[in-house]
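The block underneath contains the structure these notes are about, expressed in structure tokens.
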Amino acid sequence: MYKLNDPTLLRCHSYINGSWHASEKLLKVTNPATGEVVAEVSDASIQETNLAVKAAKSALKMWAATPAGQRAGLMRKWFDLMMAHQDDLATLLTLEQGKPLAEAKGEIAYGAAYIEWFAEEGKRAYGDTIPALTSDKRIVVIKQPVGVVASITPWNFPNAMIARKAAAALAAGCTFIGRPASQTPLSALAMAELAERAGIPAGVFNIVVGNDAQGIGKVLTQHPDIAKFTFTGSTGIGKKLIAQCATTVKKVSMELGGNAPFIVFDDADVDAAIQGALVSKYRNAGQTCVCTNRIFVQSGVLDEFTEKFSQAVQQLQIGNGLSDGVAIGPMISEKAVADVEQLVKDSVAQGAKIAVGGQVDNNGSHFYQPTILTNVSNEMPIAKNEIFGPVSPIIAFENEEDVISMANDTEYGLAAYFYSRDIGRVWRVSEALDFGMVGVNEGIISNAAAPFGGVKQSGNGREGSKYGLDDYMEIKYLCMGGI
Ligand code: SIN
């Protein structure tokens, strides 16, 4: 049982043009830890999605013309409300997504931080002047909001993924339509409730909840009134959405899959590396795009690392995210558990050894034990695929050159991590890793001030930081003659 301090944060209809839209069809939101139905939410269709586009289009002129300082003031109120309701928002998030409550509270603060950051950054959308070629001309560059922005976001961060897209969009002067994952719509709807309370005008922030991923996705990627589309999710779906966006040449930004290497060199502080690997791998039961996917350990510290890491992983408590002390919650679905189980089985068949875990947990069919595999090679399926579950494959290596080549041997390029205390190596390896983000002696690197994003098939664009605002702005060149 759970209780919200403010039960009106539990909203069950799509939020379009400042009002709540009921539909006849309902979709069930279930708690992955227990299988219980948490809420029944209106299942919006293409029709409601078109209404949201219309609303966002109508509000655009007004919002774009609102001075950046005023937009910042409203966004600051939104941030304050999210932090004031952090406990309730975290409870809803754990109920629909499963992550431990402490992590859910962390996600609310993380998501809210993007709203605070971009509220300020919107005031600094500076243009430029450029020396002209002739004395009777001036070259001026101004930045303007892209227009209506649509997003599709995943179930693994039901609050933060919407927050970091919507915050940049609203700060830039764009209006926004979000389609959250249908497994986890409650966090998004609670954000809409708080946006309304903060005074964000009708039509500026819209949330459409619906099971019809293809139908809604087509509207959001092909509607001519939408100028920009942004997506967080798998590389496979991302490719299809990019192709759909091509029909109207939308600006796109994509935060897609990863296959993060985590490298421990002989000269590393092994205890610090273990702490980094624990958070980087087992956060959200391994279900993040930046989670460590392959742990490479140099031969000189292999035994020490494996032994100490195994001891630490055995201490991780698995269970319902609402219970005290739980570090690993359920996975999102039985299918997700089955996929991880299969990867482990296939790798064991090819010679990997289970050092810790390796089973579906007694807590139920949504729980997979925190697991460590040793004797793994970079060619095994567990190293080639994005695991998206609580499994650490450990791969031994001998030298820097080999490990860089193995780490880069993937089509993905989102996050990478390494531990070393040699300053020369720190620079060499940082520069040689083909990834958009590198944690050096750090296992958690995401924050609002930093540019989050990948290279290769992990996507394009950056979220957060001063670079994140540019993704929601167009550059306009003014050639001023006759001077
Ligand atoms: C993701 O998994 O896509 C986001 C992870 C993060 O923001 O740290």
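The table for this structure:
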item	result
Alpha carbon centroid spacing (whole Å) that separates the range 236-272 from the range 59-95	27
Rg over Rh, two decimals, the chain (C-alpha only, Kirkwood Rh)	0.99
On Cα atoms only, tilt of 86-97 relative to the major axis of the chain in degrees	60
Above-threshold pairs, the threshold being 21 Å between Cα atoms, out of Lys3/Lys28; Lys54/Lys240; Lys3/Lys165	Lys54/Lys240; Lys3/Lys165
Calculated [θ] (222 nm, deg cm²/dmol) that DSSP helices of n ≥ 4 give over the chain, each run adding -39,500 (n - 2.57)	-12500 deg cm²/dmol
Approximate spin-label separation Glu307-Ser430, in nm, with each point projected 7 Å along Cα-to-Cβ	3.3
Euclidean distance between Cα centres, the range 405-438 to the range 309-346, Å	27
Rounded tilt (10° steps) of 213-222 against the dominant C-alpha axis of the chain	50
Packing rank of 359-367, 64-72, where each peptide gets the mean count of other beta carbons within 10 Å, highest leading	359-367, 64-72
At q = 0.12, 0.15, 0.17 Å⁻¹, base-10 log of I(q)/I(0) for the range 141-247 (Debye sum, equal scatterers on each alpha carbon)	-0.38, -0.60, -0.77
Cα long-axis angle, helix 46-65 against the chain (0 to 90 degrees, to the nearest 10)	60
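We did not get these values from a lab; they are worked out from the coordinates using the rules stated. Here the structure is a predicted model, which is why all the values come from computation and not from measurement. All Cβ positions, even for glycine, are placed from backbone atoms using ideal geometry, and neighbour counts span all protein chains on display.
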